[in-house]
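Undergrad: Have a look at the structure that comes next, please.
The values are calculated or read from the model by the stated rules, or taken from the named source; none is laboratory data. These figures come from a predicted structure and were not determined experimentally. Here the Cβ positions follow ideal geometry from the backbone for every residue, glycine too, while neighbour counts run over all protein chains shown.
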Ligand code: ADP
Ligand code: MG
């Protein structure tokens, strides 16, 4: 089981950013509307606090346990495990390679409870704690017991950049949730929930930089017939050149990276402006969930559209029209 734990941990916990991604997804799953993330000295300490539903006292040790250990019998099984994903295993994986404290207070409960682990050596015991409704997870000394993995960590600055990117993506996907990100005590992002269009733009500007939203074209297009909707902001190329990595595409609220989508976007720019390199965009595509499979791989950002051609042409035509409209 030790081998299994660490193999699986290696897959799901690649670096500090992957820890934060799993923790953030758990908070969102728990219905949190406020999430605070702290990172200190690279992997020394990461802390996340949410105001979600919380975890029952008796469920706390369970949350850290691995449900599917038996699935990993030998190294040869690794590939099969990869294709299954690691559902129900994120906290177990993280706790197996760090010193983890999980504190939670369930909605309506009189007080909070806490479990602590150091690697996988001990059975966590539950003790009372002080905490408002919601959950905090503190992860210290990531990879303290896996030196090989620790060696692959980059500088604190680089690891934090990755972590920040994860927070940005999830913050862009859920504008109804408040996010705060601090690095060594300094507030890096403070994002309030957005309801109105103005609030939404302010929030995008806060994540992507004010220059982006100043120059970006906003769009909101529905294709009634085929049940597709595309909305968001696209940058003009003058701006885009300096922001090569400002490319966010969400399908039904999930960030994706997809060849078909990338092609449609690039083509739309190229067709009007004769070059489509590095366009900046924050785009949201909504469609019938039955027409898209977002679970191709749990840790990658792939999708499979049932009607690829239709989706491609819709994105292309929509963006083409918007870009052509502003061409001088
Ligand atoms: P999964 O999310 O796939 O169920 P995890 O290992 O990420 O597996 O989490 C295990 C369980 O712990 C979750 O199913 C959930 O019940 C509980 N949990 C984890 N984080 C939170 C949180 N922030 N708020 C409420 N419950 C949580
Ligand atoms: Mg999870």
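Undergrad: Inspect the stretch 232-242 for any residue being without any contact (Cβ under 8 Å) to a residue 12 or more places away in the chain and in contact with a strand residue (DSSP E or B) (Cβ under 6 Å, 6 or more places away or on another chain) and give the result as yes or no. Give the steps one after another, and end with the answer.
TA: Applying the first criterion (without any contact (Cβ under 8 Å) to a residue 12 or more places away in the chain) to the stretch 232-242 yields 242.
Cutting the leftovers down to in contact with a strand residue (DSSP E or B) (Cβ under 6 Å, 6 or more places away or on another chain) gives us none.
No, the conditions are met nowhere in the stretch 232-242.
Undergrad: Based on what the data block shows, is residue 40 over 18 Å from residue 134 (Cβ atoms), assigned by TED's automatic domain parsing to the domain that holds residue 136 and at pLDDT 85 or above?
TA: Spelling it out, residue 40 is indeed over 18 Å from residue 134 (Cβ atoms), assigned by TED's automatic domain parsing to the domain that holds residue 136 and at pLDDT 85 or above.
Undergrad: In the stretch 25-70, which residues are closer than 16 Å to residue 90 by Cβ, touching a strand residue (DSSP E or B) at 6+ places or on another chain (Cβ under 9 Å), in a helix (DSSP H, G or I) and in contact (Cβ under 8 Å) with a residue 24 or more places away in the chain?
TA: Listed by number, the residues that qualify are 26, 27, 28, 60, 61, 63.
Listed here are the residues, each with its yes/no results for (1) part of a strand (DSSP E or B); (2) within 24 Å of residue 235 (Cα to Cα); (3) in the same structural domain as residue 18 (by TED's automatic domain parsing).
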| residue | (1), (2), (3) |
| --- | --- |
| 150 | no, no, yes |
| 160 | no, no, yes |
| 165 | no, yes, yes |
| 170 | no, yes, yes |
| 179 | yes, no, yes |
| 182 | yes, no, yes |
| 201 | no, yes, no |
| 207 | no, yes, no |
| 212 | no, yes, no |
